[in-house]
1. What distance in nm separates the simple spin-label points at residue 71 and residue 101, each placed 7 Å from Cα in the Cβ direction?
2. As an exercise, use a Förster radius of 45 Å and the Cβ-Cβ distance of residue 433 and residue 94 to find the FRET efficiency, rounded to the nearest 0.05.
3. Please compute, over every Cα-Cα pair in the stretch 423-523, the percentage with a separation greater than 19 angstrom.
4. Could you tell me, in Å, what Rg and Dmax come out for the Cα atoms of the stretch 322-535?
5. Between residue 125 and residue 286, what is 0.36 nm times their sequence separation minus the Cα-Cα distance? Round to one decimal in nm.
6. If I stretch the segment between residue 26 and residue 440 completely, what's the gain in nm (0.36 nm per residue apart, minus their alpha carbon distance), one decimal?
7. In nm, to one decimal, how far is the residue 2 label point from the residue 164 one, both placed 7 Å along Cα→Cβ?
8. Given the C-alpha centroids of the stretch 282-324 and the stretch 436-470, what is the distance between them in whole angstrom?
């Protein structure tokens with residue numbers, strides 16, 4: 001049975017993931033978001049007051065889902081509506097997750113992932129299979145009961161359709177049949193080695209009816225299972241006087257084959273039990289596969305939504321404004337009080353937001369004062385776009401953007417022992433990989449690219465690459481201190497509507513507002529002011 005909480009028409013797959021996701025994670029600081037997703041925050045009066053123990057699986061799931069961008073407005077709205085349901089019914093989501101966790105843990109305890117499964121005794125394996133069947137059926141009934149308790153508060157297409165599938169799968173008639181089946185098989189689950197054992201002062205014994213023919217030598221042939229059931233009787237000591245007398249009298253009854261004093265017959269009867277139960281279970285194996293896949297997907301998919309709740313709780317905790325983004329037309333990007341959410345969380349919400357519209361701008365070049373917030377602004381756009389195309393909320397009062405089938409980051413990185421060549425060679429190699437994987441409608445974020453060489457050489461490299469990418473229709477947001485490049489690009493494109501130059505606002509008294517404003521590139525980054533501030 002399908003879960004379909006991440007997509008309306010399919011389960012989640014890792015296809016069409018971002019290129020160089022590990023590099024994007026590092027450049028945008030997304031590890032902080034993954035950790036926020038794994039922290040189960042307790043919210044009181046719309047405020048996260050403390051955090052329980054970390055659940056790494058939630059963070060791992062958020063990392064996996066965010067790396068695959070949603071590709072159209074229908075997918076985004078579908079997931080956003082489910083997130084809204086989750087925010088309204090957090091206890092419901094938490095319970096779904098706990099049920100799936102407990103079931104999968106119990107399944108593993110029964111030996112699901114055992115490396116010696118191929119060596120396990122066939123009768124012991126059948127016993128485990130029946131225990132798993134009961135575990136999965138009970139789990140499905142628990143999920144159904146939870147939905148029935150909460151369905152009135154759910155409105156998203158994803159949850160409502162899932163509820164309909166569960167109701168269809170577990171109709172009253174089918175539930176009754178499953179319960180009857182489990183009850184009828186309970187003699188095999190609750191006995192060990194085909195001997196009666198004490199269990200709550202009752203014993204469960206099989207009653208199996210078969211139809212067969214006799215062949216030469218009175219051998220049984222054409223065996224057909226007519227019926228089977230479990231008979232529950234009060235427990236009595238199998239070695240007591242009463243039991244021995246019953247066994248002796250039964251052996252003397254006419255028309256009855258007694259197993260009391262016949263070891264071979266007892267073994268044959270045990271084999272008959274095994275074959276009958278195996279035959280019945282063979283018709284349930286597809287049900288086990290379906291229910292098992294359901295809980296695997298439910299555990300994974302609901303973990304994403306629980307992680308989304310936790311990220312939002314951290315935003316509430318630090319009073320970071322947030323909203324559900326709107327899907328705009330290709331080339332649109334407008335935002336109000338957009339903040340770099342990672343920095344906001346790490347600094348307790350004390351960050352500055354930016355407002356503006358970059359609608360129709362294919363190339364945006366950002367220059368200006370050192371420590372003026374340029375890289376922070378660039379990351380805020382990158383993080384918001386990734387969260388937006390994951391169906392999550394973003395850190396802004398409003399955010400409207402077109403979709404990009406792919407997103408790339410090219411940030412300058414520190415030299416380390418893993419580099420086999422110089423930093424410039426490493427930057428050029430990464431850029432070559434990006435160009436080779438651009439695809440359609442990409443968004444490229446560059447932060448201080450090609451600044452690892454001289455200003456003259458870096459400007460020449462940047463100019464040639466940016467001009468070529470611009471001509472190919474790539475959307476580019478670039479933070480740079482390569483002033484010669486910025487000046488030349490401004491002179492060439494200042495009349496083009498698709499090109500915009502922003503600058504980190506710098507007041508006359510030297511103060512930085514961390515706001516990005518439209519401004520022609522200047523001939524200084526005001527580094528001397530910072531030097532004077534350090535000297536006091």
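1. Between residue 71 and residue 101, the label points sit 3.4 nm apart.
2. In this case the efficiency is close to 0.60.
3. 46 percent
4. Cα-based Rg and Dmax for the stretch 322-535 come out at 17.0, 50 Å.
5. Working: separation 161, 0.36 × 161 = 57.96 nm, distance 1.64 nm.
Using 0.36 nm per residue and subtracting the Cα-Cα distance, I get 56.3 nm.
6. Contour length minus Cα-Cα distance gives 146.6 nm.
7. Label-label distance for residue 2 and residue 164, simple model: 1.2 nm.
8. 39 Å
Here, each number is a calculation from the coordinates, and none is a lab measurement. None of the values given here were measured: they were computed from a predicted structure. Don't worry about glycine lacking a Cβ; one is built from the backbone with ideal geometry, like all the others, and counts go over all protein chains shown.
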